[in-house]
Number of protein chains: 2
Amino acid sequence: MFDLIAFDADDTLWHNERLYELTQTKLIDLLAGYADRETVVQRLYDTEMENLEYYGYGIKSFTLSMIETALKLSRGQISGAEIEQVIRFGKEMLTTRVELLDQVAETIRVLAKSYSLMVLTKGDLRDQQWKLAQSGLGGYFQYVEIVSHKTAETYNALLKKYKIPPHRFLMVGNSLPSDILPVVALGGQAVHIPYHITWQHEIADDLPDGRDGYYKLEHMGQLPKLLNGLLTQE
Amino acid sequence: MFDLIAFDADDTLWHNERLYELTQTKLIDLLAGYADRETVVQRLYDTEMENLEYYGYGIKSFTLSMIETALKLSRGQISGAEIEQVIRFGKEMLTTRVELLDQVAETIRVLAKSYSLMVLTKGDLRDQQWKLAQSGLGGYFQYVEIVSHKTAETYNALLKKYKIPPHRFLMVGNSLPSDILPVVALGGQAVHIPYHITWQHEIADDLPDGRDGYYKLEHMGQLPKLLNGLLTQE
């Protein structure tokens, strides 16, 4: 019943947000002499939002925003050695091994036998390709699309490109504003699998229950059963 | 005779390398108290090459490499205000207006009437999409592919994805190692239009004259005539 099932990557296929949180904690420790925890968190988030139009998403953008935050909060007093440490935080993120979420590997392997699968993710090109290569799942995805934004316009262009009618498209992801709302708005179907940490920037109100084309699961392992159920209904 | 004509973007459709050179000059001036011109150029290039596997291509990567170079050459003595200036150099690059190369706009408009066109470029996702949007040419390209590397493997995967036999694919670009050699190796055809500055990293020996599937032009305006000539031969 679906021509294509697309999966968000960060915090849907593999852990991601916790790596940002861990690195943020390192920055808080580094800047302890200049600002308290709350100030660092707020200033870093504000800097990331200001920089989004320049830098887009990803670890390099985050590293540049950390450097800017360190310079601002220390009023330029931070040492060269400390800036070098921030650059190292970024490189550590870039080389952290990818860890799949529970039941992702089994589920993807099973679904790849019956469906065309796509990875459809925002973020930095190099980051995401590296994580996919590392994940061991690359071979199960027929398509990989890395995009700057996930708006209704993005999905619309993509469905046109792949010549897929919206009702035959299913999106699976952890972010309501990026993975679910724009897809449902277009007449596609979407499965929301929340992650236990949500980046402030990706928070949205839940959809009302029973809204057409929207499903919520607790983990990826429940997806094949949902798909079988939909198939039986058809 | 071609199912798809793909164009490299930087220094093929629009000027790019000169913006990096201009910014490098700003860095040389900023670091004048710590190192001479030649040392800055060499250290920056070495840092970029060391960082390539972490950061990939693009302006954010370049900015991070400039910061690292400044820290190294000043032995950590560079001031916070100066690091902020380097960050500003990067943001200035990100907001510099795209300038098309001569005869590109006219040629692309003409070719789009008869051929499927693609932008096929390395680099940072956000940078390249922004430049394409700015260029005013977005509407003439049916496809946009932004990739991490342009190796024979990359081209092979792409041709499979689009179901195009190599001999019906033409690549146009300024870089021998990225745009020409891997395409010719696969049995595709390629048009080399050199740009007056070549980044050290993209230098390769010229192909021998008369090698099958390889053409060299002086500017984009000569492309329609070459294509007509090939069509007549067929």
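The values are calculated or read from the model by the stated rules, or taken from the named source; none is laboratory data. Keep in mind it's a predicted model, so treat the numbers as computed, not measured. Positions of Cβ are generated from backbone atoms using ideal geometry, with glycine treated the same way; all protein chains shown enter the neighbour counts.
See the values below:
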item	result
Any hit, the range A:51-61, residues being at pLDDT 95 or above and away from chain B (no Cβ under 14 Å)	no
Members of the range B:10-31 found to be farther than 14 Å from B:Val86 by Cβ and in a loop (DSSP other than H, G, I, E, B), listed by number	B:Asp11, B:Thr12, B:Leu13, B:His15, B:Asn16
Residue match in the range A:117-129 (condition: loosely packed, with under 15 Cβ neighbours inside 10 Å and in the same structural domain as A:Glu218 (by TED's automatic domain parsing))	no
Scope the range B:109-138; condition closer than 21 Å to A:Tyr162 by Cα and without any contact (Cβ under 8 Å) to a residue 12 or more places away in the chain; matching residues	B:Gly138
Failed condition for A:Leu125, given (1) at pLDDT below 95; (2) away from chain B (no Cβ under 12 Å)	(2)
Total residues in the range A:1-38, condition among the basic types (Lys, Arg) and in contact (Cβ under 8 Å) with a residue 12 or more places away in the chain	2
Selection status of B:Arg43, outside any loop (DSSP other than H, G, I, E, B), modelled with pLDDT of 95 or more and loosely packed, with under 15 Cβ neighbours inside 10 Å	no
Any hit, the range B:147-164, residues being within 13 Å of the chain's Cα centre (by Cα) and over 25 Å from A:Leu132 (Cα atoms)	no
Residues (closer than 20 Å to B:Leu52 by Cα and small (Gly, Ala, Ser)) located in the range B:145-172	B:Ser148, B:Ala152
Flag for A:Leu176 being modelled with pLDDT of 90 or more, surrounded by 14 or more Cβ atoms within 10 Å (Cβ to Cβ), within 18 Å of the chain's Cα centre (by Cα) and over 13 Å from A:Ala9 (Cβ atoms)	yes
Residues within the range A:67-96 that are at positive phi and more than 9 Å from every other protein chain (Cβ to nearest Cβ), tallied	0
Residue in the range A:8-24 that is closer than 25 Å to B:Ala70 by Cβ and of a type outside the set (Gly, Ala, Ser) present	yes
Scan of the range A:158-193 for residues that are within 14 Å of chain B (Cβ to nearest Cβ) and of a type outside the set (D, E, K, R), ordered by number	A:Leu158, A:Tyr162
Entirely in the range A:57-127, the helices (runs of 4 or more DSSP H) that have 1 or more residues that are over 26 Å from A:Leu13 (Cα atoms)	A:59-73, A:80-94
Check on B:Glu92, over 22 Å from B:Tyr34 (Cα atoms) and modelled with pLDDT under 95	no
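A quick yes/no check of all residues on (1) assigned by TED's automatic domain parsing to the domain that holds A:Leu227; (2) more than 22 Å from B:Ser61 (Cβ to Cβ):
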position: A:Glu48; (1), (2): no, no
position: A:Glu53; (1), (2): no, no
position: A:Tyr57; (1), (2): no, no
position: A:Thr63; (1), (2): no, no
position: A:Lys72; (1), (2): no, yes
position: A:Gly76; (1), (2): no, yes
position: A:Gln103; (1), (2): yes, yes
position: A:Ile108; (1), (2): yes, yes
